[in-house]
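The values are calculated or read from the model by the stated rules, or taken from the named source; none is laboratory data. Predicted, not measured: the structure shown is a model, and the values here were computed from it. Glycine gets a Cβ as well: all are built from the backbone with ideal geometry, and neighbour counts include every protein chain shown.
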Amino acid sequence: MTGQAGKKGILRSMIEQTEFILVIMIVVMCILLSQLNEGFFTSANFRSMSRGFAIEGFTLIGMCFLLITGTFDISVASVMAMAGYVFTSLAVAGLNAWLALPVAILVGWAIGSCNGFIITRLRVNAFIATLATMTIVRGVVLSISQGNPIRLATAEFGQFSSAAIGGVPVMFILLILTVAVLDFMLRKVRWFRQLYFIGGNENSAELTGINVARMRFVLFGVIGALAALSGSLSSSRLEASVPNAYVGTEMKLMVACVIGGCSLNGGRGTLLGAALGLAFLFLLDNGMIMMGIDIYWFQGILGVFLIGVILVNTVSAGSFGRRGRGLGKSRQG
């Protein structure tokens, strides 16, 4: 009886884990898509998905960290466009692509740091600050380029996205390794654990000596650099810089994080869950394309997912609070 109870407890704890549920959903999605379209389980399709996943996955890391601390950045798509333009322009001008990449990343870090300064030092609301940055950066890149893409189809420029080991894109391998290491650090390393404390109760975190403003400032710089890396990798994949691209990417990343267990109020979530949430959205997107469904419906589906997950989180939090109050009353009695 004790063994059966233990097994039931393990099964219940697995079901309650967001990551476990997402893995089941991804497996079911893969099975359905393979039945609906024979082209799903092909190396070409998975290479394409893994490259796209890696490009957005690097920015997802920064978004997940920010959400855990109770804030977010909606300017990442504009930063991706700006960095992609800088990266491509420098390469077209003759600068070695390996030197152009860190310059583009530095531009992204500078934009993210500006966001961090405005939010942490000037005390401007994160939504307002990053919305303003999103508008400014997008306006600047569109003005400079006049909305025209810059094309560069050379082996050196394309190697960042085309490089592969055993048919698996190198940037996908690097992303998986990065996510694995950082997810472990979020669970075990004290500095990263402080992010949850900040998101759970910012005032208490400050009273314990955590420099909340400095940590958020660092994270905004990090997400800016990661968004620049994503934009540069995307330009390498497309062999072009597209100034009006990536619109809506910030929403997709936020939805992926929330699906993966993050809360918009902070204090919750894991990087593994966020990555699995993004993988699920990529499978959904890929399936819609293969079934010939208008891709513009995808944005509407993202909104539905976001509302649904927020409602589930709200109900769960409410039931948890009621359960906690009931437990307290029973103990008093």
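Descriptive notes on the structure:
- Within the stretch 253-294, the set of residues being modelled with pLDDT of 90 or more and surrounded by fewer than 18 Cβ atoms within 10 Å (Cβ to Cβ) is empty.
- Residue check, residue 193 among the basic types (Lys, Arg), surrounded by fewer than 18 Cβ atoms within 10 Å (Cβ to Cβ) and without any contact (Cβ under 8 Å) to a residue 24 or more places away in the chain: yes
- Residue within the stretch 73-82 that is modelled with pLDDT of 95 or more, outside any helix (DSSP H, G or I), of a type in the set (S, T, N, Q) and crowded, with 24+ Cβ neighbours inside 10 Å present: yes
- Matching residues in the stretch 147-190 - criterion: being more than 30 Å from residue 71 (Cα to Cα), buried (at least 16 other Cβ atoms within 10 Å of the Cβ) and touching a helix residue (DSSP H, G or I) at 6+ places or on another chain (Cβ under 7 Å): 150, 152, 157, 158, 160, 161, 169
- Filtered residues of the stretch 81-99 (kept if touching a Ser or Thr at 6+ places or on another chain (Cβ under 6 Å) and under 13 Å from residue 153 (Cα atoms)): 88
- Residue within the stretch 73-94 that is free of Cβ contacts under 8 Å to residues at least 12 places away in the same chain and not aromatic (Phe, Trp, Tyr) present: yes
- Among (1) over 30 Å from residue 281 (Cβ atoms); (2) in contact with a helix residue (DSSP H, G or I) (Cβ under 6 Å, 6 or more places away or on another chain), the one test that residue 69 misses: (1)
- Helices (runs of 4 or more DSSP H) contained entirely in the stretch 120-212, each with at least 3 residues that are of a type in the set (D, E, K, R): 170-188
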